[in-house]
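Here the structure comes first, spelled out in structure tokens, and everything after it is commentary.
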Amino acid sequence: MTRAEHMEWCKQRALAYVDHGDLTNAYASMTSDLSKHPETQDHAAIPLGMQLMMMGELGTPEKMRKFIEGFG
């Protein structure tokens, strides 16, 4: 699987959690899945997302969706 294909797979799985209102598992899914590909396992947005989660900045489905969709 290419990096782009893997990234799209990660996003779709995480967004399914967002669609169900489960923001914690949306973030957890995204970060867990990113770790499964050598080209995404150290993505800079993983620690950034944790900081944003701790600050409450990803506390709405809209904010979490925007964060996940912004992964590149």
Members of the range 40-55 that are under 22 Å from GLU8 (Cβ atoms), open to solvent by 80 Å² or more (accessible area, probe 1.4 Å) and polar (S, T, N, Q):
GLN41
In this structure, is ASP33 under 19 Å from ARG3 (Cβ atoms) and either at pLDDT 95 or above or touching an Asp or Glu at 6+ places or on another chain (Cβ under 7 Å) (or both)?
yes
Out of everything in the range 36-72 that is within 11 Å of the chain's Cα centre (by Cα) and small (Gly, Ala, Ser), what residue ends up being modelled with the lowest pLDDT?
GLY72
Among the residues of the range 3-26, how many are open to solvent by 40 Å² or more (accessible area, probe 1.4 Å) and not aromatic (Phe, Trp, Tyr)?
13
Which pairs do you get when a residue that is more than 15 Å from GLN12 (Cα to Cα) and of a type in the set (D, E, K, R), found in the range 56-68, comes within reach of a residue that is in a loop (DSSP other than H, G, I, E, B) and open to solvent by 70 Å² or more (accessible area, probe 1.4 Å), reach meaning Cβ atoms under 8 angstrom, with the pair 6+ apart or on two chains?
LYS63/GLU57
For the chain, which helices (runs of 4 or more DSSP H) that fit wholly inside it have 3 or more residues that are of a type in the set (Ser, Thr, Tyr)?
23-34
Is there a residue in the range 27-37 that is acidic (Asp, Glu), within 16 Å of GLY72 (Cβ to Cβ), touching a helix residue (DSSP H, G or I) at 6+ places or on another chain (Cβ under 6 Å) and open to solvent by 30 Å² or more (accessible area, probe 1.4 Å)?
no
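The values are calculated or read from the model by the stated rules, or taken from the named source; none is laboratory data. Keep in mind that what you see is a predicted model, and the values were worked out from it rather than measured. Neighbour counts run over all protein chains shown; Cβ positions are idealised from the backbone, glycine included. All accessible areas refer to the heavy atoms of the entire protein, side chains included, with ligands and DNA or RNA removed. Shrake-Rupley method; radii C 1.70, N 1.55, O 1.52, S 1.80 Å.
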